[in-house]
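The values are calculated or read from the model by the stated rules, or taken from the named source; none is laboratory data. Here the structure is a predicted model, which means the values were calculated and not measured. For neighbour counting, all protein chains shown are included, and Cβ atoms are generated from backbone atoms with ideal geometry for every residue, glycine included. Heavy atoms of the whole protein, side chains included, go into the accessibility calculation; ligands, DNA and RNA do not. Shrake-Rupley method; radii C 1.70, N 1.55, O 1.52, S 1.80 Å.
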Amino acid sequence: MSFSFDINHAESNSLARVGTINTPHGPIQTPAFIPVGTKATVKSVLPEAMKDLGSQALLANAYHLYLQPGSDVLDEAGGLSQFMNWPGPTFTDSGGFQVLSLGVGFKKVLAMDAQTFRRDDVIAGNKDRLAHVDDEGVTFKSHLDGSMHRFTPEVSMQVQHQIGADIMFAFDECTTLHNTRPYQELAMDRTYAWAIRCLDEHKRLTQERVGKPYQALFGVIQGAQYEDLRKKAATDLGSMESNGQSFDGFGIGGALDKGELGTIVSWVNEILPENKPRHLLGIGAPEDLFVGVENGCDTFDCVLASRIARTSAVYTMEGRFNLSNSRFKRDFTPIDSQCDCYTCTHYTRAYMHHVFRGKEIISATLATIHNERFIVRLVDQMRQALLDGNFAEMKADFLGRYTHRSGQSRD
Ligand SMILES: [Zn+2]
């Protein structure tokens, strides 16, 4: 087995730690931000550029790759890493979040205000319900061609084994903050039962697929904003063992109220086994990454950095702004004078403004490189600050200047 997690430093006054996740495709120094390449590509950016900007690993999505080109194609190609020409470690999201958000049209992980939500039948405007959950799995309609499909824990494990990422997630029922408390309990019971089925199928596939690199399986902690549910999920999945198989790490999933992020994450991480890595799913805005790191999360992913880049929005030390704004037409300074990315060392805001206004394809490439570098580097700096013993100062310095606050997304 070539998967392990070493803790190199742990804070005495918080849950934060610095570690190394070792995978068959190489190590990941944590805390780390993992950029998202949903369909086996970070949109508009070459893998070489992702490596150059410091990305240690990439996260793709099982649901999207199952529909197109088909997980069997990735298996035949030699796995995700080989298929997409990314030699480093990879993750796949289980597809649970994606098929379930097809049902309701809500893609946000973090809500700015969760107080007004409490219904199970709510769907976003103009959306048809495309997924139906039962105790065995989820039946859903493809967003590509309307064809019907069914994911069960076993199917998700088979698909993720074929895709071949180093780190996979168990198939879970991801609820939203809109759901009622009774529904959250029901969904958590389902996620518990599905976790056991994932462990069993994962063990069977690992034994069957002789000669393939070991794929680690992370259990996903649900429970929305409820303390007792989150703690129960962490206790149950943290100690879960089926036929001698336990989880290699954990994902913290589900909808989160932005104001409660730190509290919810600490409930869970105080209980989860210390010696296993913890991934905070779908979180990636600068202010939330600090909260995640100081409450004991090791890795993060979020599609926001690349998605907003394509709309001309960029992160900087002074906050987030849009390059298409006319005030940048004659601004011949870099996007962020303190950024060391390829875009900031070669281009000006005026050029970026021009290519966005002209709808040039390169606008997406250059802005994505900057945003991914900004977030990857920020988490790298947090890791260094933990090692140097000045995390609190570094956080205060950053947040003192950074102003923008936003929700989070998974893809
Ligand atoms: Zn930059």
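Just a few scattered comments:
- Subset of region 304-338 that is open to solvent by 30 Å² or more (accessible area, probe 1.4 Å) and of a type in the set (Ser, Thr, Tyr) - its residue that is farthest from the ligand (Cβ to nearest atom): SER326
- 2 or more residues in contact with a Lys or Arg (Cβ under 6 Å, 6 or more places away or on another chain): qualifying strands (runs of 3 or more DSSP E) within region 198-288: 249-252
- Odd one out for TYR183 among (1) assigned to a helix (DSSP H, G or I); (2) more than 19 Å from ASP257 (Cα to Cα); (3) in contact (Cβ under 8 Å) with a residue 60 or more places away in the chain: (2)
- Total residues in region 79-88, condition in contact with a strand residue (DSSP E or B) (Cβ under 9 Å, 6 or more places away or on another chain) and either open to solvent by 20 Å² or more (accessible area, probe 1.4 Å) or assigned to a helix (DSSP H, G or I) (or both): 4
- Inter-residue pairs, beta-carbon under 8 Å, first within 12 Å of the ligand (Cβ to nearest atom) and in region 339-365, second open to solvent by 80 Å² or more (accessible area, probe 1.4 Å) and among the charged types (D, E, K, R), 6+ apart: TYR342/ASP52
- Test: residue in region 254-268 that is within 16 Å of the ligand (Cβ to nearest atom), open to solvent by 10 Å² or more (accessible area, probe 1.4 Å) and acidic (Asp, Glu): no
One line per residue, one yes/no per condition, for (1) in contact with a strand residue (DSSP E or B) (Cβ under 8 Å, 6 or more places away or on another chain); (2) buried (at least 17 other Cβ atoms within 10 Å of the Cβ):
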residue	(1), (2)
ALA165	yes, yes
THR175	no, yes
LYS212	no, no
ASP228	no, no
ALA234	yes, yes
GLU241	no, no
GLY251	yes, yes
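- Top-ranked residue of region 89-100 - restricted to ones that are open to solvent by less than 10 Å² (accessible area, probe 1.4 Å) and outside any strand (DSSP E or B), ranked as farthest from GLY254 (Cα to Cα): PRO89
- Whenever a residue of region 322-334 is of a type in the set (Val, Ile, Thr), its partners that are modelled with pLDDT of 95 or more, lying with C-beta atoms within less than 8 angstrom and at least six residues away or across chains, give the pairs THR333/THR348; THR333/ARG349.
- Residue count, region 143-156 (criterion: open to solvent by less than 10 Å² (accessible area, probe 1.4 Å) and touching a strand residue (DSSP E or B) at 6+ places or on another chain (Cβ under 9 Å)): 2
- Qualifying positions in region 129-142 - of a type in the set (Lys, Arg) and open to solvent by 90 Å² or more (accessible area, probe 1.4 Å): ARG129
- Count of region 66-78 residues which are closer than 22 Å to GLU48 by Cβ and either part of a helix (DSSP H, G or I) or touching a strand residue (DSSP E or B) at 6+ places or on another chain (Cβ under 8 Å) (or both): 2
- Cross-chain or 6+ apart pairs with Cβ under 9 Å, region 370-395 first and of a type in the set (Gly, Ala, Ser), then buried (at least 20 other Cβ atoms within 10 Å of the Cβ): ALA385/PHE391; ALA392/GLU294; ALA392/ALA385
- Beta carbons closer than 8 Å, at least 6 apart along the sequence or on distinct chains, pair a first residue in region 240-267 that is closer than 12 Å to VAL220 by Cβ with a second that is surrounded by 18 or more Cβ atoms within 10 Å (Cβ to Cβ) and of a type in the set (Ser, Thr, Tyr) for GLY254/THR175.
- Residue pairs meeting the criteria (Cβ under 9 Å; at least 6 apart or on separate chains; first closer than 9 Å to VAL36 by Cβ, in region 294-318; second part of a loop (DSSP other than H, G, I, E, B) and within 16 Å of the ligand (Cβ to nearest atom)): SER306/VAL42; SER306/SER44; SER306/VAL45
- Filtered by the rule that a residue be away from the ligand (no atom under 13 Å from the Cβ) and among the aliphatic types (A, V, I, L, M), region 366-397 gives VAL379, MET382, ALA385, LEU386, LEU387, ALA392, MET394, ALA396.
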